[in-house]
Amino acid sequence: TVILTAAACSGGAPSRRESGTSNTSATKELKPASGGIASKPANEFPAPLSGALAEISGKSSVPIEAPSVLPSPVLSAQAFSSPALGYMIDLYNCPSVLPVNDPEIGTGQCGPATIFGRVLGQKWATEADSSAELSSGGSAERFLSRLAQAAVSGQLGSLSSSLSTCPPGSAKLHSNGQVVSTCSMGAGPSSAASNEPASSGAASGPQLAEFTDGDWLVLSVVPPGQGEASAISSVTSQVDQLVLPPDKGVLIVSVGSSGNSTGMAWESQGAAYAVSNSASIASAYGMATRMTKLSS
């Protein structure tokens, strides 16, 4: 599978599990543009998205969508597009406002440490994929998982290349009504996940926690020393408060001392979309649920 990168560029049921209460109105209000929110021109999006969208308008292989509201001010953006794959917008909190695609973005004081988030859209079936592969639920899940990782890669760092689901037989724990599989990702970024339980305290590498919420797969990476049980409890508690968009999707959380970097990716109408936010699950969710189509 080909995943969109800067170098490559020039509806299902509501996913909240049954709780005895209705989430119908919230689902209708929050579902992404691909589910029906009206489109608008680039200049009506918040800066710097407005400039980034104007830069890539008409240059993407998939319909362009972006959040109509950003959870906090963002100062600068890089925009990439590919007629073969799709588009990607990187958002930066630089010390000062810089024009879209300014050469200083991504370097110096506006380097990777200032990445706030990412918005991307990609063709669902690339030439590297066969229709048979994409018809499999497992393949679709792997594709969305890679796309969510691509969205959050600026915040995941060295972990971004190694994330995968826990193997069969992994330890399980109950957290806020969820059955969570836990496993060790090993000491190195390329190490395969093992079924050593996160609660054992013996693993020297990051821990992976995995559970499902409706049609969504949730993966949480917990670095050593972060307190696996409390971190997992915090993630499951926050996810339990969400009405996730009504499409198959993957949510990835990288737990950190200063925030939970979060990436979300979902399938919609023959395309895949993803957003990320370096601050919190709620901020990424706010971006995902306010996706709005760019009008031509």
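The values are calculated or read from the model by the stated rules, or taken from the named source; none is laboratory data. Bear in mind the structure is a predicted one, so any value in this text is a computation, not a measurement. Cβ coordinates were reconstructed from backbone atoms using ideal geometry, including for glycine residues, and neighbour counts include every protein chain displayed.
Regarding THR262, is this residue in contact with a strand residue (DSSP E or B) (Cβ under 6 Å, 6 or more places away or on another chain) and polar (S, T, N, Q)?
Considered against the rule, which asks whether it is in contact with a strand residue (DSSP E or B) (Cβ under 6 Å, 6 or more places away or on another chain) and polar (S, T, N, Q), THR262 comes out as yes.
Going through the range 246-284 one residue at a time, which ones are more than 16 Å from GLY121 (Cα to Cα) and not small (Gly, Ala, Ser)?
Once the filter is applied, which keeps residues that are more than 16 Å from GLY121 (Cα to Cα) and not small (Gly, Ala, Ser), the range 246-284 yields PRO246, ILE252, VAL253, VAL255, ASN260, THR262, ILE281.
Scan the strands (runs of 3 or more DSSP E) fully inside the range 209-296 and keep the ones with 3 or more residues being out of contact with any Pro (no Cβ under 9 Å at 6 or more places or on another chain). Show your work before the answer.
On the way: elements: 216-222, 249-256, 259-268, 271-277, 291-293.
In the range 209-296, the matching strands (runs of 3 or more DSSP E) lie at 216-222, 249-256, 259-268, 271-277.
List the pairs whose first member sits in the range 95-107 and is closer than 9 Å to SER76 by Cβ, whose second member is among the acidic types (Asp, Glu), and whose Cβ atoms are under 9 Å apart, counting only residues at least 6 apart or on separate chains?
What qualifies is LEU98/GLU104; VAL100/GLU55; ILE105/ASP90.
Let's see how each residue does on (1) surrounded by fewer than 23 Cβ atoms within 10 Å (Cβ to Cβ); (2) under 18 Å from ALA265 (Cα atoms); (3) touching a strand residue (DSSP E or B) at 6+ places or on another chain (Cβ under 7 Å); (4) hydrophobic (A, V, I, L, M, F, W, C):
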| position | (1), (2), (3), (4) |
| --- | --- |
| ALA42 | yes, no, yes, yes |
| PRO46 | yes, no, no, no |
| LYS59 | yes, no, yes, no |
| PRO63 | yes, yes, yes, no |
| LEU70 | yes, yes, no, yes |
| PRO83 | yes, no, no, no |
| ILE89 | no, yes, yes, yes |
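Can you name every residue in the range 84-106 that is of a type outside the set (A, V, I, L, M) and within 22 Å of the chain's Cα centre (by Cα)?
Residues satisfying the conditions are GLY86, TYR87, ASP90, TYR92, ASN93, CYS94, GLY106.
Cβ-Cβ under 7 Å, sequence separation 6+ or interchain: first residue in the range 251-276 and buried (at least 23 other Cβ atoms within 10 Å of the Cβ) and among the acidic types (Asp, Glu), partner modelled with pLDDT under 85 and not in a strand (DSSP E or B). Which pairs?
Between residues of the range 251-276 that are buried (at least 23 other Cβ atoms within 10 Å of the Cβ) and among the acidic types (Asp, Glu) and residues that are modelled with pLDDT under 85 and not in a strand (DSSP E or B), the close pairs are GLU267/TRP124; GLU267/ALA140; GLU267/LEU144; GLU267/ASP247; GLU267/LYS248.
Table: residues versus (1) farther than 27 Å from ALA272 by Cα; (2) at pLDDT 50 or above; (3) of a type in the set (Ser, Thr, Tyr); (4) out of contact with any helix residue (DSSP H, G or I) (no Cβ under 6 Å at 6 or more places or on another chain).
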| position | (1), (2), (3), (4) |
| --- | --- |
| GLN149 | no, yes, no, no |
| SER153 | no, yes, yes, no |
| SER158 | no, no, yes, yes |
| LYS172 | yes, yes, no, yes |
| TRP216 | no, yes, no, yes |
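Tell me which residues, restricted to the range 112-126, are closer than 21 Å to THR262 by Cβ and either under 16 Å from the mean Cα position of the chain (by Cα) or part of a loop (DSSP other than H, G, I, E, B) (or both). Step through it out loud before you land on a result.
Pass one, the range 112-126, residues closer than 21 Å to THR262 by Cβ: 112-122.
Selection gives ILE115, PHE116, GLY117, ARG118, VAL119, LEU120, GLY121, GLN122.
Are any residues in the range 269-289 at positive phi and either acidic (Asp, Glu) or in contact with a Gly (Cβ under 9 Å, 6 or more places away or on another chain) (or both), and if so, which ones?
Passing the criteria: only GLN269.
Is one or more of the residues making up the range 75-97 of a type outside the set (A, V, I, L, M, F, W, C), outside any loop (DSSP other than H, G, I, E, B) and modelled with pLDDT under 55?
Scanning the range 75-97 turns up no residue that is of a type outside the set (A, V, I, L, M, F, W, C), outside any loop (DSSP other than H, G, I, E, B) and modelled with pLDDT under 55.
For the range 52-65, indicate whether the set of residues that are part of a loop (DSSP other than H, G, I, E, B) and farther than 19 Å from TRP124 by Cβ is non-empty. Lay out the reasoning, then the answer.
Applying the first criterion (part of a loop (DSSP other than H, G, I, E, B)) to the range 52-65 yields 57-64.
From what's left, farther than 19 Å from TRP124 by Cβ: 57-58.
Yes: one or more hits.
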